[in-house]
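We did not get these values from a lab; they are worked out from the coordinates using the rules stated. Just so we're clear, the structure is a prediction, and the values are computed from it rather than from any experiment. Note that we place each Cβ from the backbone using ideal geometry, even for glycine, and neighbour counts take in every protein chain shown.
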Amino acid sequence: MSVSERLEPPPPPAADEVGAVVLAGVSGCGKSTVGKMVARRLGWAFVDGDDLHPWKNVYSMHHGRALTDADRDPWLERCADLLENHVANGVPVILACSALKSRYRRRLRRDAETLLIHLACSREELIRRLGGRTGHFFDPSLLDSQFAALDPPTPGDGTLLVDGDADMEEVTNDIVRLITRPADRAARLAAQGTGAASALPGGGERW
Ligand SMILES: Nc1ncnc2c1ncn2[C@@H]1O[C@H](COP(=O)(O)OP(=O)(O)O)[C@@H](O)[C@H]1O
Ligand SMILES: O=C(O)[C@H](O)[C@@H](O)[C@H](O)[C@H](O)COP(=O)(O)O
């Protein structure tokens, strides 16, 4: 992490009213599946960040080549623009976007109405899920590169952690509560103050 990044103040917590949510986390954590369920429940729009990648990125990931910061740059710009447009137009949206690094998360949170939620999963569960997923361009052999790229959300980061290993309905309920209840968001952030993994049921190493 560079000095200028360290000196930058942490992003503000989301405003009471949430206008946009980024569901973040490594490939296989459930961003797309759970994101659609949450959007349906709330009557919000859902956009899959997978659909915003330039073709070059899709091609790279399909052929087992991890993305670089430069590859991700135009994609993150599209994601940030999309969030900003939805908030400006009062059309609440869930965006599934890995947002692996803290500077990517800062880039996506252009305004206080945007909330970041990171689905944290165990390695075993991710391997199991990616092994079972069909029809997706992502080469599962890239999972280790996702772990390497990830800056785990820290308490000061303002990103809420959710147990992504849990049953889909449970994960959905948890996220809906965090979006709709400011008190639950504050409680989750406070719990995370004691350390990211320990804030999650089951503990253990999570990504
Ligand atoms: N909570 C969950 N429990 C069990 N399986 C899940 C859960 N969330 C997602 N999955 C499954 O795991 C695979 C990866 O999920 P997906 O939503 O594509 O992840 P991502 O968008 O984060 O890459 C899919 O086959 C999906 O059905
Ligand atoms: O390196 C990255 O930034 C990620 O790989 C990101 O691009 C995203 O996670 C892919 O689109 C894979 O798609 P899923 O996350 O939906 O598996």
Residues of the stretch 82-129 that turn out to be within 13 Å of ligand 2 (Cβ to nearest atom) and either without any contact (Cβ under 8 Å) to a residue 12 or more places away in the chain or in contact with a Pro (Cβ under 6 Å, 6 or more places away or on another chain) (or both), as a count: 1
Conditions (1) touching a helix residue (DSSP H, G or I) at 6+ places or on another chain (Cβ under 7 Å); (2) over 22 Å from LYS56 (Cα atoms); (3) of a type outside the set (Val, Ile, Thr); number of the one not met by PHE138: (2)
Residue satisfying all of: in the stretch 141-191; within 21 Å of TYR104 (Cα to Cα) and among the hydroxyl-bearing types (Ser, Thr, Tyr); farthest from ligand 2 (Cβ to nearest atom) among these: THR154
Condition check for LEU76: of a type in the set (A, V, I, L, M) and farther than 22 Å from THR33 by Cα: no
Counted residues, the stretch 144-160 - those being closer than 22 Å to CYS79 by Cβ, surrounded by fewer than 20 Cβ atoms within 10 Å (Cβ to Cβ) and not polar (S, T, N, Q): 6
Every residue from the stretch 151-183 that is in contact with a strand residue (DSSP E or B) (Cβ under 9 Å, 6 or more places away or on another chain) and over 20 Å from PHE46 (Cβ atoms): PRO152, PRO153, ASP157, GLY158, LEU161, ASP163, ASP165
Search result, residues across the stretch 67-109 that are assigned to a loop (DSSP other than H, G, I, E, B) and either of a type in the set (Ser, Thr, Tyr) or crowded, with 16+ Cβ neighbours inside 10 Å (or both): LEU67, THR68, PRO92, CYS97, SER98, ALA99, LEU100, LYS101, ARG109
Criterion violated by ASP163 - all others in (1) surrounded by fewer than 15 Cβ atoms within 10 Å (Cβ to Cβ); (2) within 14 Å of ligand 1 (Cβ to nearest atom) satisfied: (1)
Complete set of residues in the stretch 79-113 that are in contact with an Asp or Glu (Cβ under 7 Å, 6 or more places away or on another chain) and among the small types (Gly, Ala, Ser): ALA96, SER102
Residues of the stretch 138-150 satisfying the condition of being among the acidic types (Asp, Glu) and either in contact with a strand residue (DSSP E or B) (Cβ under 7 Å, 6 or more places away or on another chain) or assigned to a loop (DSSP other than H, G, I, E, B) (or both): ASP139
ARG177 touching a residue at least 12 places away in the same chain (Cβ under 8 Å), charged (D, E, K, R) and part of a helix (DSSP H, G or I): no
